[in-house]
1. Counting just the residues of region 135-152 that are aliphatic (A, V, I, L, M) and touching a strand residue (DSSP E or B) at 6+ places or on another chain (Cβ under 6 Å), which one comes out surrounded by the fewest Cβ atoms within 10 Å (Cβ to Cβ)?
2. Take the conditions at pLDDT 90 or above and within 22 Å of the chain's Cα centre (by Cα) and apply them to Asp30. Does it pass?
3. From (1) under 14 Å from the mean Cα position of the chain (by Cα); (2) not in a loop (DSSP other than H, G, I, E, B), pick out the condition that doesn't hold for Gly132.
4. List pairs: first residue in region 82-101 and at pLDDT below 95 and of a type in the set (Lys, Arg), second residue crowded, with 18+ Cβ neighbours inside 10 Å and not in a strand (DSSP E or B) anywhere in the structure, Cβ distance under 6 angstrom, at least six positions apart or on different chains.
5. Mind listing whichever residues of region 1-27 are at pLDDT 90 or above, in contact with a helix residue (DSSP H, G or I) (Cβ under 9 Å, 6 or more places away or on another chain) and not in a loop (DSSP other than H, G, I, E, B)?
6. Is it the case that some residue within region 41-48 is modelled with pLDDT of 95 or more, β-branched (Val, Ile, Thr) and closer than 19 Å to Phe149 by Cβ?
7. Run down Ser125, Ser150 and say which single residue is in contact with a helix residue (DSSP H, G or I) (Cβ under 6 Å, 6 or more places away or on another chain), closer than 21 Å to Tyr65 by Cα and modelled with pLDDT of 55 or more.
8. Being touching a Phe, Trp or Tyr at 6+ places or on another chain (Cβ under 6 Å), crowded, with 16+ Cβ neighbours inside 10 Å and at pLDDT 90 or above narrows it down to one residue among Phe59, Phe67, Phe76; which is it?
Amino acid sequence: MKHKQRFLATMLTLGLSMSAQASTVVTFEDISPNDLADGYGGISGWSALGGTGIGDKAFGGNGHYTFWGNEGMLSFDHAPVVFQGTYYKAFPLQQDYQSPLTAIELWYQGNRVSSFQYSGAPLQSMAWLGSGYAGLVDHVYFRGGLTGFSIDDLIYNTVSSVPLPASWALFAGGAALLGFARRRIVPAFQDRENENYR
């Protein structure tokens, strides 16, 4: 029984180490307004969001600078990643600000895998939009209000290694063979021990 528990613990540790993650926080504080380019924060497609740029605190960010844009798709340079969330604000949502807006969509391998909404008042500062999605992502699509949106402190985790299904199958097959071989060796060893005591 102890050996089975050790084996399961080893498998769990191996699985966790193979999916270890490192966090990236995109703050926009370390660049000047004219220096935003593809690759900043490990993300490309900034210019594709239309009318994009770096704004100051008037846009509702947490620091001196915040990002603002209209609508569009960003891609992660070191995909896949796990998207944690971002501070977000739409300008304006609607005249009455009653209906929620689908603000962010998460995409992986050409499929939309998750989306989340924003509903905020005109004078509110940015709201944290946590994704609540732990799956893999390679693109994120931002939608704004009539005059765009702003984001700050975008957080994602880079997955250091994603095992392929074939690798898992090979590993599982090897583990099963080791277990089978051990079951055959132990009884044979016990038989020899019993003979020595006769």
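The values are calculated or read from the model by the stated rules, or taken from the named source; none is laboratory data. Every value quoted in this text rests on a predicted model; they were computed, and no experiment measured them. All Cβ positions, even for glycine, are placed from backbone atoms using ideal geometry, and neighbour counts span all protein chains on display.
1. Start the filter on region 135-152 by keeping residues that are aliphatic (A, V, I, L, M), which leaves 136-137, 140, 146, 151.
Next, only the ones that are touching a strand residue (DSSP E or B) at 6+ places or on another chain (Cβ under 6 Å) stay: 136-137, 140, 151.
Working: Leu136: 17, Val137: 24, Val140: 24, Ile151: 28.
Selected residue: Leu136.
2. Working: at pLDDT 90 or above: yes; within 22 Å of the chain's Cα centre (by Cα): no.
So Asp30 does not fit the description; no.
3. Every listed condition holds for Gly132 apart from (2).
4. If the second residue must be crowded, with 18+ Cβ neighbours inside 10 Å and not in a strand (DSSP E or B), the pairs left are Lys89/Gly60; Lys89/Met126.
5. Selection gives Thr24, Val25, Val26.
6. Looking through region 41-48, at least one residue is modelled with pLDDT of 95 or more, β-branched (Val, Ile, Thr) and closer than 19 Å to Phe149 by Cβ.
7. Numbers: Ser125 fails: in contact with a helix residue (DSSP H, G or I) (Cβ under 6 Å, 6 or more places away or on another chain).
Within the list Ser125, Ser150, the selection yields Ser150.
8. Among Phe59, Phe67, Phe76, only Phe67 is touching a Phe, Trp or Tyr at 6+ places or on another chain (Cβ under 6 Å), crowded, with 16+ Cβ neighbours inside 10 Å and at pLDDT 90 or above.
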